Amino acid sequence: MPEAAGAVAAAAVADRLHGSKEDRKLAIVLVGLPARGKTFTAVKLTRYLRWLGHETKHFNVGKYRRLKHGANQSADFFRPDNQEGIEARNEVAALAMEDMIDWMHGGGQVGIFDATNSTRKRRYMLMKMAEGNCKIIFLETICNDRNIIERNVRLKIQQSPDYADQPDYEAGLQDFLERLTNYEKVYEPVQEGSYIKMIDMVKGEGGQLQVNNISGYLPGRIVFFLVNSHLAPRPILLTRHGESLHNVRGRVGGDTVLSEDGELYSKKLANFIEKRLKNEKTATIWTSTLQRTILTATPIVGFPKIQWRALDEINSGVCDGMTYEEIKKIMPEEYESRKKDKLRYRYPRGESYLDVIQRLEPVIIELERQRAPVVVISHQAVLRALYSYFADRPLREVPDMEMPLHTIIEIQMGVTGVEEKRYKLMD
Amino acid sequence: MVESKSVGTLIQLQKKDRPQGLYVDRGVVSPKLGKSFSACSLASGLNFGSTKAMPEAAGAVAAAAVADRLHGSKEDRKLAIVLVGLPARGKTFTAVKLTRYLRWLGHETKHFNVGKYRRLKHGANQSADFFRPDNQEGIEARNEVAALAMEDMIDWMHGGGQVGIFDATNSTRKRRYMLMKMAEGNCKIIFLETICNDRNIIERNVRLKIQQSPDYADQPDYEAGLQDFLERLTNYEKVYEPVQEGSYIKMIDMVKGEGGQLQVNNISGYLPGRIVFFLVNSHLAPRPILLTRHGESLHNVRGRVGGDTVLSEDGELYSKKLANFIEKRLKNEKTATIWTSTLQRTILTATPIVGFPKIQWRALDEINSGVCDGMTYEEIKKIMPEEYESRKKDKLRYRYPRGESYLDVIQRLEPVIIELERQRAPVVVISHQAVLRALYSYFADRPLREVPDMEMPLHTIIEIQMGVTGVEEKRYKLMD
């Protein structure tokens, strides 16, 4: 009997029954000129698939090249007529691909192969290496907006290890633009195999998506994620409800109102939000359907509020309303089981952390889709799961993550990834 | 206005003078459809209102609706999906599936079949000549009919409709520009183009049309009808201009569900994203879905709701009969899967079934009756009369205290529906009464208000045959 459950399991079983063995492993091979946002997209996708429970790994071929040939290759290394350079780069790509296939044999499920892969020849080499090992999908990023390309180039020069030793910004820029030109000369857009082409989609508005010969659960989910996510910067603020009466008594679950401290926090929170979002055109406040989050949101004015059942605290089933001491005393085996595997343990008639993660998926998709700031007022277990998505923490860390009361975590989503700030409004 | 007594940790509700009643979560329902009631109450002195009105729906649909409302223009809240494609390409099949999916999610959706308008206005017996590109009168008549249907759709949107599916060939740029002009200031337009290069599929569709279309109902001679239709097809093909303008989704050879291409241009927003997701996952290849409740449980015998009890003797007997039935029914299938909930009674019902993988879905668990779990309806009526009354009044939106409403159940079933659409092999779903009502209503395209009172008897299997022509249903009562 399969040990997972829900959509991921049903799909996995279906794919296993109908597809060939190699279909269970997926290689997402990125294609695109430098500075098109391939790595940003790869990082987001890795984070999403991993959070859903798929063993996913990002293979950055540039890193392999830097390891093998050093980080200071000039644009000449990348010239299309530099035979030595070409062979060196093919060798490095093949090395990275072998590593990825080995990793899949060892249990990996989705490998994200991040390189320009801009010639048909290179892509055929990868397809040949994939045969009998995994299914390949090309994910091509095309950008025609010179402003975006320039911004990406500037970011690269500032951040890429290839230019770490290069104190002269201008010289680094020139060299990179030359490298870019070398790539552009031989670029062959994807026409072969199964592919997803994203054209001018970075802003999240407009742009085109072309999907060719894509079928299966994961590819469908990937298309859905890509259609909904974008790289436009905006903040997401996460906070627990103010201290509740059950918190004071150390009881789990329940649907109690706020304590005095909790009420105080709700006022401080409203102040903070008013200041923080002063310059934003719009924003929304999301709460759960339990009183303590709704009451925490009450002093906030001026923004629409939405209640999500999906943001309700983990359902503690028969243990609802008990203290941990009571659980330990009355149901010692349950107490022990939970301690042993807090991630998978499911309260009798209740939920596990894995269940919570599964029901949070629509929330994650909607957060990715939103362009304006969102304030999420929720509960400890739910926020641990949400936060681990943005911070890209492995699932096993989720159940014990620090998620203190009366603290706001600000997640800045943007082009360079995810940045975090914490504000402790009260002790 | 509903008032409730406190139960456990609940606190007395404060009376409010808002005409709509108390504000609580309304699940997936769009703002027009009404509220969810629950005895979950809040402390006195609360002011839900701010200077801006609080949106009345909740969850993903609501969050997205609010976001789109804040950022988009007024016309963005209404969506017209304009189908494009030669006849016999599967446009109407796709339109019907999409309508069913969006409606089930809670969006006010309507399918406008322009062919029906034409038949109403000009009769059903137009020969292929009516459709010839050089027949000026024919062209004007058809444009007039299309404009009429479009006006109707826009009126319906002004009256509260949200997603209109405009089903016609719409195969020329000129026609599409006319529609785009009519849409300006009224709704957002997305073209959904179906292209099929597989002659076998086209021929099969043509045959189905001749058999079923009202245009050929009076035509006893099948061959003559076929010839006329093929001629109509040729007339359309002569002037076909594939979509290049506006926001569009192009589906090329996707009917089989394997391979094919999808092109998405300038698509953004919650609904368009969901539509793309649905189209990528659904297909028209035929396969059956079998729905059944668990065998009778001990709580069923005692008339208690919820719980996690084992099967009664009758229930155990049903599980054996079910296993027999499934073995025979799926004998010729290569593979199939058995889906249960995580509650004992469905897992036990599935136990005698061998030879197929079994998967447990939390999403298939019975509706959570919260504080009423384990009670009989009489007990609820006696101990919590206001809850009992609230539920009777609006069973669809009523949420058990600390539990769920039917709308909540529908929302959590969405991944199940998507996966059922995606599956190519038979699936046996062993679940519970409320959940099956919700699932069944999706396939049978019943309106949401009918869901809570649908017949869903024990010991009966409903077989849903999914296929090209839509959804067919059979019922097998294995026991009394």
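Data table
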| read-out | value |
| --- | --- |
| All helices (runs of 4 or more DSSP H) inside the stretch A:146-234 with 2 or more residues being within 24 Å of the chain's Cα centre (by Cα) and within 12 Å of chain B (Cβ to nearest Cβ) | A:217-228 |
| Sole residue being within 22 Å of residue B:362 (Cβ to Cβ) and of a type outside the set (A, V, I, L, M), chosen from A:266, A:244, A:259, A:316 | A:316 |
| Which numbered condition residue A:289 fails, given (1) outside any loop (DSSP other than H, G, I, E, B); (2) under 29 Å from residue A:426 (Cβ atoms) | (1) |
| Subset tally (residues that are of a type outside the set (S, T, N, Q) and more than 29 Å from the chain's Cα centre (by Cα)) for the stretch A:235-269 | 20 |
| Subset of the stretch B:423-457 (residues that are surrounded by fewer than 22 Cβ atoms within 10 Å (Cβ to Cβ) and within 10 Å of chain A (Cβ to nearest Cβ)) | B:424, B:425 |
| The listed residue being in the same structural domain as residue A:403 (by the TED database) and in contact with a helix residue (DSSP H, G or I) (Cβ under 9 Å, 6 or more places away or on another chain), out of A:240, A:249 | A:240 |
| Counted residues, the stretch A:363-397 - those being assigned to a helix (DSSP H, G or I) and within 24 Å of residue A:234 (Cβ to Cβ) | 16 |
| Unmet requirement for residue A:95, which otherwise passes all of (1) crowded, with 21+ Cβ neighbours inside 10 Å; (2) part of a helix (DSSP H, G or I) | (1) |
| Residues of the stretch B:274-314 classified as farther than 20 Å from residue B:371 by Cα and in contact (Cβ under 8 Å) with a residue 60 or more places away in the chain, total | 22 |
| Any chance residue A:327 is among the β-branched types (Val, Ile, Thr), assigned by the TED database to the domain that holds residue A:387 and surrounded by fewer than 22 Cβ atoms within 10 Å (Cβ to Cβ) | yes |
| Any chance residue A:268 is within 12 Å of chain B (Cβ to nearest Cβ) and of a type in the set (Lys, Arg) | no |
| Subset of the stretch B:389-413 (residues that are crowded, with 22+ Cβ neighbours inside 10 Å, in contact with a Phe, Trp or Tyr (Cβ under 9 Å, 6 or more places away or on another chain) and within 12 Å of another protein chain (Cβ to nearest Cβ)) | B:399, B:405, B:410 |
| Residues of the stretch B:323-362 classified as facing chain A (nearest Cβ under 9 Å) and in a strand (DSSP E or B), total | 5 |
| Qualifying residue in the stretch B:372-385 (condition: modelled with pLDDT of 90 or more, touching an Asp or Glu at 6+ places or on another chain (Cβ under 7 Å) and surrounded by fewer than 22 Cβ atoms within 10 Å (Cβ to Cβ)) | yes |
| Members of the stretch B:456-480 that are charged (D, E, K, R) and either touching a strand residue (DSSP E or B) at 6+ places or on another chain (Cβ under 6 Å) or at pLDDT 90 or above (or both) | B:463, B:472, B:473, B:474, B:475, B:477 |
| Answer residue from the stretch B:235-246, given it is of a type outside the set (Ser, Thr, Tyr) and not in a helix (DSSP H, G or I) and is nearest to residue B:133 (Cα to Cα) among those | B:239 |
| Checking residue B:57 against (1) out of contact with any Pro (no Cβ under 6 Å at 6 or more places or on another chain); (2) modelled with pLDDT under 75; (3) not in a helix (DSSP H, G or I), the condition it does not meet | (1) |
| Enumeration of residues in the stretch A:244-276 that are more than 17 Å from residue A:297 (Cβ to Cβ) and surrounded by fewer than 19 Cβ atoms within 10 Å (Cβ to Cβ) | A:245, A:248, A:249, A:250, A:260 |
| Residue list for the stretch A:296-310, restricted to those being at pLDDT 95 or above and facing chain B (nearest Cβ under 7 Å) | A:298 |
| Qualifying residue in the stretch A:104-123 (condition: among the aromatic types (Phe, Trp, Tyr), surrounded by 15 or more Cβ atoms within 10 Å (Cβ to Cβ) and in a helix (DSSP H, G or I)) | no |
| Condition check for residue A:76: assigned to a loop (DSSP other than H, G, I, E, B) and free of Cβ contacts under 8 Å to residues at least 40 places away in the same chain | no |
| Condition met for residue A:280 (over 28 Å from the mean Cα position of the chain (by Cα) and acidic (Asp, Glu)) | no |
| Residues located in the stretch A:365-419, provided they are touching a Pro at 6+ places or on another chain (Cβ under 8 Å) and of a type in the set (Lys, Arg) | A:384 |
| Test: residue in the stretch A:130-140 that is free of Cβ contacts under 8 Å to residues at least 60 places away in the same chain, closer than 18 Å to residue A:64 by Cβ and within 28 Å of the chain's Cα centre (by Cα) | no |
| Matching residues, the stretch A:75-92, being exposed (fewer than 13 other Cβ atoms within 10 Å of the Cβ) and of a type in the set (S, T, N, Q) | A:83 |
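The values are calculated or read from the model by the stated rules, or taken from the named source; none is laboratory data. Bear in mind that the values here come from a model prediction, so they are computed numbers and not experimental data. Note: ideal-geometry Cβ built from the backbone for every residue, glycine included; neighbour counts use all protein chains shown.
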